[in-house]
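Take a look at the structure set out below.
The values are calculated or read from the model by the stated rules, or taken from the named source; none is laboratory data. If you're wondering where the values come from, they're calculated on a predicted model, not measured in any experiment. Please note: Cβ atoms are built from the backbone with ideal geometry, for glycine as well, and neighbour counts cover all protein chains shown. When the accessible area is computed, the model is the full protein with side chains, heavy atoms only, and any ligands, DNA or RNA have been set aside. Shrake-Rupley method; radii C 1.70, N 1.55, O 1.52, S 1.80 Å.
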Amino acid sequence: MIELPDLAVGGLAVGTLSALALGGGLLRTRRRLTRQRTETDALRSRLDGALQVLTAEVEHLAAQRAPAAARQLAHPHMAVPGPLQPHTAGTPLGIALEGVLLGLRAELLAQRTRIDAAAQAGMRGATREIQAALYRLQDALRQLQQRYDDPELAQTLFQLDHENEQSLRRAQVAAVVCGAWVGLAREESHLVDAVTGGQSRLAGYHRVKVHNHLETGTALVSHAVEPVAIIVAELLDNALRHSAPDTDVVVNLEHVHHGVCVTVDDAGVGMTQDERAHAQRTVAGTEPILLTDLGDPPRMGLAAIGQLTRQFDLGVDLSSPSPYGGVRAVLRVESHLLSRIDPAEQPPAVSTARSTRKAAAETSHGYGTEDEAAISGHHDELPQRRRRTRTAAPEAPAAEHAARSPEDAAAALGALQSGTAAARADSTATDVPTNETDHEGGPAR
(Lines give C-alpha, C1' and ligand atoms only; values in the text may rest on other atoms or scores of the structure.)
Protein backbone atom coordinates (compact mmCIF):
# COMPACT_ATOMS: atom_id res chain seq x y z
CA MET A 1 0.00 0.00 0.00
CA ILE A 2 1.11 3.46 -0.71
CA GLU A 3 1.66 5.50 2.31
CA LEU A 4 -0.01 8.86 2.72
CA PRO A 5 3.24 10.74 2.73
CA ASP A 6 4.06 9.25 -0.60
CA LEU A 7 0.69 10.35 -1.97
CA ALA A 8 1.21 13.83 -0.69
CA VAL A 9 4.58 14.03 -2.27
CA GLY A 10 3.20 12.81 -5.59
CA GLY A 11 0.32 15.26 -5.50
CA LEU A 12 2.66 18.06 -4.68
CA ALA A 13 4.85 17.11 -7.57
CA VAL A 14 1.91 17.02 -9.94
CA GLY A 15 0.71 20.40 -8.66
CA THR A 16 4.13 21.81 -9.09
CA LEU A 17 4.32 20.56 -12.66
CA SER A 18 0.86 21.95 -13.41
CA ALA A 19 1.80 25.30 -11.93
CA LEU A 20 4.94 25.37 -13.96
CA ALA A 21 3.00 24.53 -17.14
CA LEU A 22 0.38 27.15 -16.35
CA GLY A 23 3.04 29.75 -15.67
CA GLY A 24 4.79 28.97 -18.94
CA GLY A 25 1.52 29.38 -20.80
CA LEU A 26 0.84 32.66 -19.09
CA LEU A 27 4.31 33.86 -19.89
CA ARG A 28 3.91 32.95 -23.54
CA THR A 29 0.55 34.65 -23.65
CA ARG A 30 2.01 37.75 -22.08
CA ARG A 31 4.83 37.79 -24.58
CA ARG A 32 2.38 37.34 -27.45
CA LEU A 33 0.23 40.16 -26.18
CA THR A 34 3.27 42.38 -25.85
CA ARG A 35 4.30 41.59 -29.40
CA GLN A 36 0.79 42.23 -30.68
CA ARG A 37 0.66 45.50 -28.80
CA THR A 38 3.97 46.52 -30.36
CA GLU A 39 2.72 45.62 -33.82
CA THR A 40 -0.51 47.51 -33.20
CA ASP A 41 1.40 50.58 -32.09
CA ALA A 42 3.58 50.32 -35.23
CA LEU A 43 0.52 50.01 -37.47
CA ARG A 44 -1.15 52.95 -35.71
CA SER A 45 2.01 54.98 -36.18
CA ARG A 46 2.17 54.10 -39.87
CA LEU A 47 -1.53 54.92 -40.27
CA ASP A 48 -1.06 58.27 -38.55
CA GLY A 49 1.90 58.98 -40.84
CA ALA A 50 -0.09 58.04 -43.96
CA LEU A 51 -2.98 60.20 -42.78
CA GLN A 52 -0.63 63.12 -42.24
CA VAL A 53 0.86 62.60 -45.71
CA LEU A 54 -2.61 62.39 -47.27
CA THR A 55 -3.75 65.51 -45.38
CA ALA A 56 -0.64 67.42 -46.47
CA GLU A 57 -1.05 66.29 -50.08
CA VAL A 58 -4.73 67.31 -50.16
CA GLU A 59 -3.92 70.69 -48.61
CA HIS A 60 -1.11 71.13 -51.14
CA LEU A 61 -3.50 70.13 -53.93
CA ALA A 62 -6.08 72.70 -52.82
CA ALA A 63 -3.63 75.53 -52.07
CA GLN A 64 -1.05 75.15 -54.84
CA ARG A 65 -1.68 72.54 -57.49
CA ALA A 66 -5.36 73.19 -58.32
CA PRO A 67 -4.97 77.01 -58.67
CA ALA A 68 -1.86 76.48 -60.80
CA ALA A 69 -3.74 74.02 -63.02
CA ALA A 70 -6.53 76.59 -63.43
CA ARG A 71 -4.05 79.36 -64.32
CA GLN A 72 -2.32 77.07 -66.78
CA LEU A 73 -5.45 77.06 -68.94
CA ALA A 74 -4.92 80.77 -69.65
CA HIS A 75 -1.11 80.72 -69.44
CA PRO A 76 0.21 77.42 -70.85
CA HIS A 77 3.80 78.33 -69.98
CA MET A 78 3.06 78.14 -66.24
CA ALA A 79 4.09 74.90 -64.51
CA VAL A 80 1.86 72.94 -62.15
CA PRO A 81 3.68 71.85 -58.93
CA GLY A 82 4.04 68.14 -58.27
CA PRO A 83 3.17 66.30 -55.03
CA LEU A 84 4.89 67.24 -51.80
CA GLN A 85 6.32 63.73 -51.41
CA PRO A 86 7.91 62.65 -54.72
CA HIS A 87 7.63 58.97 -53.73
CA THR A 88 3.81 59.25 -53.95
CA ALA A 89 4.01 59.67 -57.73
CA GLY A 90 2.75 56.50 -59.38
CA THR A 91 1.18 55.20 -56.18
CA PRO A 92 -2.61 54.86 -55.82
CA LEU A 93 -2.60 58.13 -53.88
CA GLY A 94 -0.58 59.95 -56.55
CA ILE A 95 -2.78 58.56 -59.34
CA ALA A 96 -5.91 59.63 -57.48
CA LEU A 97 -4.60 63.17 -56.99
CA GLU A 98 -3.67 63.46 -60.67
CA GLY A 99 -7.18 62.30 -61.54
CA VAL A 100 -8.57 65.13 -59.44
CA LEU A 101 -6.45 67.65 -61.39
CA LEU A 102 -7.49 66.20 -64.75
CA GLY A 103 -11.16 66.34 -63.83
CA LEU A 104 -10.76 69.89 -62.56
CA ARG A 105 -9.06 70.98 -65.80
CA ALA A 106 -11.73 69.38 -67.96
CA GLU A 107 -14.58 71.02 -66.06
CA LEU A 108 -12.89 74.42 -65.95
CA LEU A 109 -12.21 74.27 -69.69
CA ALA A 110 -15.82 73.34 -70.42
CA GLN A 111 -17.13 76.14 -68.18
CA ARG A 112 -14.67 78.60 -69.66
CA THR A 113 -15.72 77.72 -73.19
CA ARG A 114 -19.41 78.09 -72.36
CA ILE A 115 -18.89 81.43 -70.61
CA ASP A 116 -16.74 82.73 -73.47
CA ALA A 117 -19.34 81.64 -76.03
CA ALA A 118 -22.00 83.58 -74.13
CA ALA A 119 -19.71 86.63 -73.97
CA GLN A 120 -19.05 86.42 -77.71
CA ALA A 121 -22.75 86.20 -78.45
CA GLY A 122 -23.37 89.30 -76.35
CA MET A 123 -20.55 91.17 -78.05
CA ARG A 124 -21.84 90.19 -81.50
CA GLY A 125 -25.14 91.82 -80.68
CA ALA A 126 -23.47 94.93 -79.32
CA THR A 127 -21.13 95.35 -82.28
CA ARG A 128 -24.03 94.84 -84.68
CA GLU A 129 -25.81 97.82 -83.15
CA ILE A 130 -22.61 99.88 -83.17
CA GLN A 131 -21.95 99.06 -86.82
CA ALA A 132 -25.48 100.02 -87.76
CA ALA A 133 -25.09 103.39 -86.02
CA LEU A 134 -21.70 104.01 -87.66
CA TYR A 135 -23.09 103.17 -91.09
CA ARG A 136 -25.92 105.65 -90.56
CA LEU A 137 -23.38 108.29 -89.56
CA GLN A 138 -21.28 107.44 -92.62
CA ASP A 139 -24.27 107.88 -94.92
CA ALA A 140 -25.14 111.22 -93.30
CA LEU A 141 -21.57 112.50 -93.66
CA ARG A 142 -21.38 111.55 -97.32
CA GLN A 143 -24.71 113.18 -98.04
CA LEU A 144 -23.33 116.38 -96.50
CA GLN A 145 -20.19 116.04 -98.63
CA GLN A 146 -22.32 115.90 -101.75
CA ARG A 147 -24.52 118.77 -100.65
CA TYR A 148 -21.89 121.40 -99.80
CA ASP A 149 -18.99 122.63 -101.94
CA ASP A 150 -17.17 124.76 -99.35
CA PRO A 151 -13.56 123.40 -99.32
CA GLU A 152 -13.02 123.97 -95.59
CA LEU A 153 -16.32 122.29 -94.74
CA ALA A 154 -15.49 119.47 -97.15
CA GLN A 155 -12.13 118.93 -95.43
CA THR A 156 -13.82 118.73 -92.03
CA LEU A 157 -16.43 116.31 -93.32
CA PHE A 158 -13.78 114.11 -94.92
CA GLN A 159 -11.82 114.01 -91.66
CA LEU A 160 -14.95 113.08 -89.72
CA ASP A 161 -15.72 110.39 -92.27
CA HIS A 162 -12.20 109.00 -91.92
CA GLU A 163 -12.49 108.89 -88.12
CA ASN A 164 -15.83 107.16 -88.49
CA GLU A 165 -14.23 104.66 -90.87
CA GLN A 166 -11.62 103.77 -88.25
CA SER A 167 -14.31 103.23 -85.61
CA LEU A 168 -16.23 101.08 -88.05
CA ARG A 169 -13.12 98.99 -88.67
CA ARG A 170 -12.64 98.34 -84.95
CA ALA A 171 -16.28 97.34 -84.54
CA GLN A 172 -16.05 95.07 -87.56
CA VAL A 173 -12.90 93.39 -86.24
CA ALA A 174 -14.57 92.76 -82.87
CA ALA A 175 -17.56 91.25 -84.65
CA VAL A 176 -15.34 88.98 -86.75
CA VAL A 177 -13.48 87.75 -83.67
CA CYS A 178 -16.84 86.86 -82.11
CA GLY A 179 -17.83 84.79 -85.13
CA ALA A 180 -19.91 87.30 -87.09
CA TRP A 181 -19.97 87.16 -90.86
CA VAL A 182 -17.97 89.91 -92.56
CA GLY A 183 -20.70 90.67 -95.07
CA LEU A 184 -22.21 89.48 -98.31
CA ALA A 185 -19.90 90.31 -101.23
CA ARG A 186 -21.66 91.58 -104.34
CA GLU A 187 -19.02 92.29 -106.99
CA GLU A 188 -15.45 91.49 -107.82
CA SER A 189 -12.78 94.11 -107.22
CA HIS A 190 -9.23 94.82 -108.28
CA LEU A 191 -6.90 93.30 -105.69
CA VAL A 192 -4.94 96.55 -105.47
CA ASP A 193 -8.22 98.34 -104.68
CA ALA A 194 -8.82 95.95 -101.78
CA VAL A 195 -5.33 96.70 -100.47
CA THR A 196 -5.91 100.44 -100.81
CA GLY A 197 -9.28 100.02 -99.12
CA GLY A 198 -7.57 98.40 -96.15
CA GLN A 199 -4.91 101.12 -96.09
CA SER A 200 -7.50 103.88 -96.15
CA ARG A 201 -9.06 102.67 -92.90
CA LEU A 202 -5.97 103.57 -90.87
CA ALA A 203 -4.83 106.81 -89.25
CA GLY A 204 -1.26 106.53 -90.56
CA TYR A 205 -2.22 105.64 -94.13
CA HIS A 206 0.29 108.14 -95.57
CA ARG A 207 3.22 106.07 -94.18
CA VAL A 208 2.22 103.05 -96.26
CA LYS A 209 4.08 102.73 -99.57
CA VAL A 210 2.42 100.28 -101.95
CA HIS A 211 4.40 98.74 -104.83
CA ASN A 212 2.07 97.00 -107.24
CA HIS A 213 3.82 94.33 -109.33
CA LEU A 214 0.63 92.55 -110.37
CA GLU A 215 -0.61 92.21 -113.90
CA THR A 216 -3.19 94.84 -114.69
CA GLY A 217 -6.68 93.55 -114.05
CA THR A 218 -5.76 91.07 -111.30
CA ALA A 219 -8.88 90.89 -109.14
CA LEU A 220 -10.49 89.07 -106.25
CA VAL A 221 -13.64 87.01 -106.45
CA SER A 222 -16.53 88.74 -104.76
CA HIS A 223 -16.57 86.90 -101.43
CA ALA A 224 -12.82 87.42 -100.87
CA VAL A 225 -12.77 91.22 -101.28
CA GLU A 226 -13.78 92.28 -97.78
CA PRO A 227 -11.76 89.57 -95.95
CA VAL A 228 -8.61 90.59 -97.83
CA ALA A 229 -9.26 94.28 -97.05
CA ILE A 230 -9.75 93.49 -93.34
CA ILE A 231 -6.61 91.34 -93.14
CA VAL A 232 -4.49 93.95 -94.94
CA ALA A 233 -5.84 96.68 -92.65
CA GLU A 234 -4.95 94.69 -89.52
CA LEU A 235 -1.47 93.77 -90.79
CA LEU A 236 -0.81 97.41 -91.67
CA ASP A 237 -2.22 98.57 -88.34
CA ASN A 238 0.20 96.30 -86.46
CA ALA A 239 3.08 97.51 -88.62
CA LEU A 240 2.21 101.18 -88.08
CA ARG A 241 1.68 100.80 -84.34
CA HIS A 242 4.95 98.98 -83.71
CA SER A 243 7.24 101.15 -85.81
CA ALA A 244 8.48 104.71 -85.41
CA PRO A 245 6.22 107.42 -86.85
CA ASP A 246 8.99 108.65 -89.16
CA THR A 247 9.41 105.26 -90.88
CA ASP A 248 7.53 103.78 -93.80
CA VAL A 249 5.65 100.52 -94.08
CA VAL A 250 6.38 98.88 -97.42
CA VAL A 251 3.77 96.77 -99.20
CA ASN A 252 4.56 94.64 -102.25
CA LEU A 253 1.93 92.93 -104.40
CA GLU A 254 3.43 90.09 -106.42
CA HIS A 255 2.41 87.01 -108.36
CA VAL A 256 3.57 83.64 -107.01
CA HIS A 257 3.19 80.13 -108.36
CA HIS A 258 -0.19 79.41 -106.73
CA GLY A 259 -1.69 82.89 -106.61
CA VAL A 260 -0.73 86.31 -105.27
CA CYS A 261 1.17 87.47 -102.17
CA VAL A 262 0.75 90.76 -100.34
CA THR A 263 3.94 91.36 -98.33
CA VAL A 264 4.03 93.94 -95.52
CA ASP A 265 7.45 94.98 -94.14
CA ASP A 266 7.97 97.39 -91.28
CA ALA A 267 11.04 98.78 -89.54
CA GLY A 268 9.63 98.41 -86.05
CA VAL A 269 10.64 96.68 -82.83
CA GLY A 270 10.09 93.19 -84.20
CA MET A 271 9.08 90.14 -82.16
CA THR A 272 10.88 87.53 -80.13
CA GLN A 273 10.85 83.93 -81.26
CA ASP A 274 8.13 83.02 -78.75
CA GLU A 275 6.02 86.04 -79.71
CA ARG A 276 6.36 85.19 -83.39
CA ALA A 277 5.39 81.56 -82.75
CA HIS A 278 2.31 82.64 -80.76
CA ALA A 279 1.33 85.17 -83.43
CA GLN A 280 1.73 82.54 -86.15
CA ARG A 281 -0.56 80.11 -84.29
CA THR A 282 -3.12 82.88 -83.88
CA VAL A 283 -3.24 83.97 -87.53
CA ALA A 284 -3.29 80.34 -88.70
CA GLY A 285 -6.74 79.98 -87.15
CA THR A 286 -6.03 76.45 -85.93
CA GLU A 287 -6.74 77.17 -82.25
CA PRO A 288 -10.08 78.25 -80.73
CA ILE A 289 -10.26 81.94 -79.92
CA LEU A 290 -11.34 82.93 -76.42
CA LEU A 291 -11.92 86.55 -75.48
CA THR A 292 -10.16 85.97 -72.17
CA ASP A 293 -6.97 85.11 -74.08
CA LEU A 294 -6.85 88.46 -75.88
CA GLY A 295 -5.66 90.57 -72.96
CA ASP A 296 -7.01 93.73 -71.36
CA PRO A 297 -7.68 95.72 -73.43
CA PRO A 298 -8.24 92.88 -75.90
CA ARG A 299 -5.87 92.72 -78.88
CA MET A 300 -8.19 91.50 -81.60
CA GLY A 301 -6.29 92.15 -84.82
CA LEU A 302 -4.43 88.85 -85.13
CA ALA A 303 -7.43 86.94 -83.76
CA ALA A 304 -9.63 88.43 -86.49
CA ILE A 305 -7.05 87.44 -89.10
CA GLY A 306 -7.14 83.88 -87.75
CA GLN A 307 -10.91 83.74 -88.09
CA LEU A 308 -10.79 85.00 -91.67
CA THR A 309 -7.93 82.76 -92.83
CA ARG A 310 -9.88 79.72 -91.63
CA GLN A 311 -13.22 80.83 -93.10
CA PHE A 312 -11.98 81.98 -96.51
CA ASP A 313 -9.02 79.68 -97.19
CA LEU A 314 -6.44 82.47 -97.00
CA GLY A 315 -2.94 82.18 -95.60
CA VAL A 316 -0.90 84.58 -93.45
CA ASP A 317 2.73 84.00 -92.50
CA LEU A 318 4.56 85.88 -89.74
CA SER A 319 7.51 83.54 -89.34
CA SER A 320 10.15 85.74 -91.02
CA PRO A 321 11.69 89.00 -89.82
CA SER A 322 11.59 92.04 -92.05
CA PRO A 323 14.80 93.04 -93.85
CA TYR A 324 14.28 96.44 -92.22
CA GLY A 325 14.57 94.93 -88.73
CA GLY A 326 10.87 94.69 -87.93
CA VAL A 327 8.24 92.11 -88.86
CA ARG A 328 7.41 90.70 -92.28
CA ALA A 329 3.79 89.66 -92.78
CA VAL A 330 2.78 87.81 -95.93
CA LEU A 331 -0.83 87.37 -97.03
CA ARG A 332 -1.19 84.59 -99.60
CA VAL A 333 -4.25 84.55 -101.86
CA GLU A 334 -4.67 81.27 -103.71
CA SER A 335 -5.55 81.13 -107.40
CA HIS A 336 -9.14 79.98 -106.80
CA LEU A 337 -9.81 83.30 -105.03
CA LEU A 338 -8.50 85.35 -107.97
CA SER A 339 -10.36 86.63 -110.97
CA ARG A 340 -9.75 89.24 -113.62
CA ILE A 341 -11.43 92.53 -114.45
CA ASP A 342 -10.93 94.12 -117.84
CA PRO A 343 -9.11 97.36 -116.95
CA ALA A 344 -10.47 99.00 -120.09
CA GLU A 345 -14.04 98.54 -118.87
CA GLN A 346 -13.34 99.06 -115.19
CA PRO A 347 -9.98 100.60 -114.27
CA PRO A 348 -8.68 100.56 -110.69
CA ALA A 349 -9.31 103.58 -108.50
CA VAL A 350 -7.16 106.61 -109.32
CA SER A 351 -5.68 106.60 -105.80
CA THR A 352 -4.29 103.06 -106.09
CA ALA A 353 -0.68 102.29 -106.98
CA ARG A 354 -0.10 101.77 -110.70
CA SER A 355 1.13 98.37 -111.77
CA THR A 356 4.81 98.13 -112.67
CA ARG A 357 4.01 95.23 -115.03
CA LYS A 358 1.33 96.90 -117.07
CA ALA A 359 3.33 97.25 -120.29
CA ALA A 360 4.81 93.77 -120.08
CA ALA A 361 1.45 92.27 -119.29
CA GLU A 362 -0.22 93.84 -122.29
CA THR A 363 2.63 92.80 -124.59
CA SER A 364 3.41 89.25 -123.49
CA HIS A 365 0.27 88.08 -121.73
CA GLY A 366 -2.49 89.62 -123.79
CA TYR A 367 -3.99 91.51 -120.85
CA GLY A 368 -4.70 94.56 -122.94
CA THR A 369 -7.80 95.22 -125.01
CA GLU A 370 -10.04 92.51 -126.40
CA ASP A 371 -8.60 93.14 -129.88
CA GLU A 372 -5.04 92.53 -128.60
CA ALA A 373 -6.17 89.32 -126.92
CA ALA A 374 -7.80 88.17 -130.12
CA ILE A 375 -4.67 88.91 -132.17
CA SER A 376 -2.38 87.08 -129.75
CA GLY A 377 -4.78 84.16 -129.47
CA HIS A 378 -4.56 84.33 -125.65
CA HIS A 379 -7.70 83.86 -123.58
CA ASP A 380 -7.64 84.46 -119.85
CA GLU A 381 -8.63 81.52 -117.68
CA LEU A 382 -10.12 83.76 -115.00
CA PRO A 383 -13.67 85.06 -115.59
CA GLN A 384 -14.31 88.63 -116.60
CA ARG A 385 -17.36 90.46 -115.31
CA ARG A 386 -18.64 93.97 -115.82
CA ARG A 387 -18.65 96.10 -112.70
CA ARG A 388 -20.56 99.31 -112.01
CA THR A 389 -18.72 102.53 -112.66
CA ARG A 390 -17.25 104.39 -109.71
CA THR A 391 -16.39 108.05 -109.61
CA ALA A 392 -12.61 108.31 -109.38
CA ALA A 393 -11.22 110.69 -106.82
CA PRO A 394 -8.07 112.74 -107.40
CA GLU A 395 -4.87 111.10 -106.21
CA ALA A 396 -3.88 111.98 -102.66
CA PRO A 397 -0.94 114.38 -102.33
CA ALA A 398 2.16 113.27 -100.42
CA ALA A 399 1.86 113.35 -96.63
CA GLU A 400 5.04 115.36 -96.27
CA HIS A 401 3.38 118.44 -97.81
CA ALA A 402 2.43 119.97 -94.49
CA ALA A 403 1.18 123.30 -95.88
CA ARG A 404 -1.69 122.61 -98.24
CA SER A 405 -4.90 124.33 -99.14
CA PRO A 406 -8.33 123.12 -98.02
CA GLU A 407 -8.97 122.00 -101.59
CA ASP A 408 -5.86 119.81 -101.53
CA ALA A 409 -6.77 118.37 -98.13
CA ALA A 410 -10.26 117.57 -99.33
CA ALA A 411 -8.82 115.89 -102.42
CA ALA A 412 -6.46 113.80 -100.27
CA LEU A 413 -9.22 112.56 -98.03
CA GLY A 414 -11.41 112.07 -101.07
CA ALA A 415 -8.80 109.65 -102.37
CA LEU A 416 -9.19 107.71 -99.15
CA GLN A 417 -12.89 107.42 -99.74
CA SER A 418 -12.21 106.23 -103.25
CA GLY A 419 -9.93 103.47 -101.99
CA THR A 420 -12.44 102.41 -99.37
CA ALA A 421 -15.27 102.46 -101.86
CA ALA A 422 -13.22 100.32 -104.22
CA ALA A 423 -13.09 97.51 -101.68
CA ARG A 424 -16.36 98.00 -99.85
CA ALA A 425 -18.95 100.29 -101.47
CA ASP A 426 -20.98 98.47 -104.11
CA SER A 427 -18.95 95.37 -103.22
CA THR A 428 -20.08 94.16 -99.79
CA ALA A 429 -23.04 94.24 -97.51
CA THR A 430 -21.85 94.16 -93.94
CA ASP A 431 -23.59 92.02 -91.31
CA VAL A 432 -25.50 94.77 -89.50
CA PRO A 433 -29.26 95.40 -89.35
CA THR A 434 -30.69 98.27 -91.35
CA ASN A 435 -33.96 99.03 -93.07
CA GLU A 436 -32.73 97.31 -96.22
CA THR A 437 -31.19 93.92 -95.45
CA ASP A 438 -30.06 90.84 -97.28
CA HIS A 439 -30.47 87.27 -96.06
CA GLU A 440 -27.35 87.59 -93.88
CA GLY A 441 -28.88 90.46 -91.95
CA GLY A 442 -26.57 93.11 -93.39
CA PRO A 443 -27.36 96.31 -95.27
CA ALA A 444 -27.29 96.44 -99.03
CA ARG A 445 -24.57 98.94 -99.69
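A few remarks follow.
- Qualifying residue in the range 236-251 (condition: touching a strand residue (DSSP E or B) at 6+ places or on another chain (Cβ under 6 Å), in contact (Cβ under 8 Å) with a residue 12 or more places away in the chain, part of a strand (DSSP E or B) and closer than 20 Å to THR309 by Cβ): yes
- Condition met for LEU144 (free of Cβ contacts under 8 Å to residues at least 40 places away in the same chain and surrounded by 22 or more Cβ atoms within 10 Å (Cβ to Cβ)): no
- The single condition from (1) free of Cβ contacts under 8 Å to residues at least 40 places away in the same chain; (2) under 29 Å from GLU275 (Cβ atoms) that ALA74 fails is (1).
- Residue count for the range 104-161 satisfying the condition of being within 24 Å of the chain's Cα centre (by Cα) and under 30 Å from ALA70 (Cβ atoms): 23.
- Qualifying positions in the range 100-140 - farther than 22 Å from VAL176 by Cα and out of contact with any helix residue (DSSP H, G or I) (no Cβ under 8 Å at 6 or more places or on another chain): LEU102, GLY103, ALA106, GLU107, ALA110, GLN111, ASP139, ALA140
- In this entry, LEU168 is excluded by the filter for residues that are free of Cβ contacts under 8 Å to residues at least 60 places away in the same chain and either surrounded by fewer than 17 Cβ atoms within 10 Å (Cβ to Cβ) or out of contact with any Leu (no Cβ under 8 Å at 6 or more places or on another chain) (or both).
- Some residue of the range 74-90 being within 30 Å of ARG169 (Cα to Cα), out of contact with any Cys (no Cβ under 9 Å at 6 or more places or on another chain) and assigned to a helix (DSSP H, G or I): yes
- In the range 213-237, residue farthest from the chain's Cα centre (by Cα) [restricted to those that are under 18 Å from ALA174 (Cβ atoms) and acidic (Asp, Glu)]: GLU226
- Residue match in the range 190-209 (condition: in contact (Cβ under 8 Å) with a residue 60 or more places away in the chain, outside any loop (DSSP other than H, G, I, E, B), touching a Phe, Trp or Tyr at 6+ places or on another chain (Cβ under 6 Å) and within 29 Å of ALA117 (Cα to Cα)): no
- Subset of the range 217-235 that is buried (at least 24 other Cβ atoms within 10 Å of the Cβ) and touching a Phe, Trp or Tyr at 6+ places or on another chain (Cβ under 8 Å) - its residue that is farthest from ARG357 (Cα to Cα): PRO227
- Residues of the range 252-269 classified as in a loop (DSSP other than H, G, I, E, B) and polar (S, T, N, Q), total: 0
- Just one of the listed residues (GLN111, GLN155) is in contact (Cβ under 8 Å) with a residue 60 or more places away in the chain and either of a type in the set (Asp, Glu) or part of a helix (DSSP H, G or I) (or both), namely GLN155.
- When ARG201, ARG207 are screened for being open to solvent by less than 20 Å² (accessible area, probe 1.4 Å) and among the basic types (Lys, Arg), only ARG201 passes.
- Residue satisfying all of: in the range 271-287; within 18 Å of VAL232 (Cα to Cα) and small (Gly, Ala, Ser); most open to solvent (accessible area, probe 1.4 Å) among these: ALA284
- The residues of the range 317-337 that are open to solvent by less than 10 Å² (accessible area, probe 1.4 Å) and in contact with a Ser or Thr (Cβ under 7 Å, 6 or more places away or on another chain) amount to a single one, GLY326.
- Verdict on ALA344 being at pLDDT 50 or above, more than 35 Å from the chain's Cα centre (by Cα) and not polar (S, T, N, Q): yes
- From the options ARG44, ARG28, ARG37, ARG71, residue that is under 30 Å from LEU291 (Cβ atoms), part of a helix (DSSP H, G or I) and open to solvent by 80 Å² or more (accessible area, probe 1.4 Å): ARG71
- Residue within the range 108-115 that is touching a Ser or Thr at 6+ places or on another chain (Cβ under 8 Å), surrounded by 12 or more Cβ atoms within 10 Å (Cβ to Cβ) and closer than 30 Å to ALA171 by Cβ present: yes
- Applying the set (1) charged (D, E, K, R); (2) touching a residue at least 24 places away in the same chain (Cβ under 8 Å); (3) open to solvent by 50 Å² or more (accessible area, probe 1.4 Å) to ARG299 leaves exactly one unmet item: (2).
- Checked against (1) open to solvent by 50 Å² or more (accessible area, probe 1.4 Å); (2) at pLDDT 80 or above, ALA56 meets all criteria but (1).
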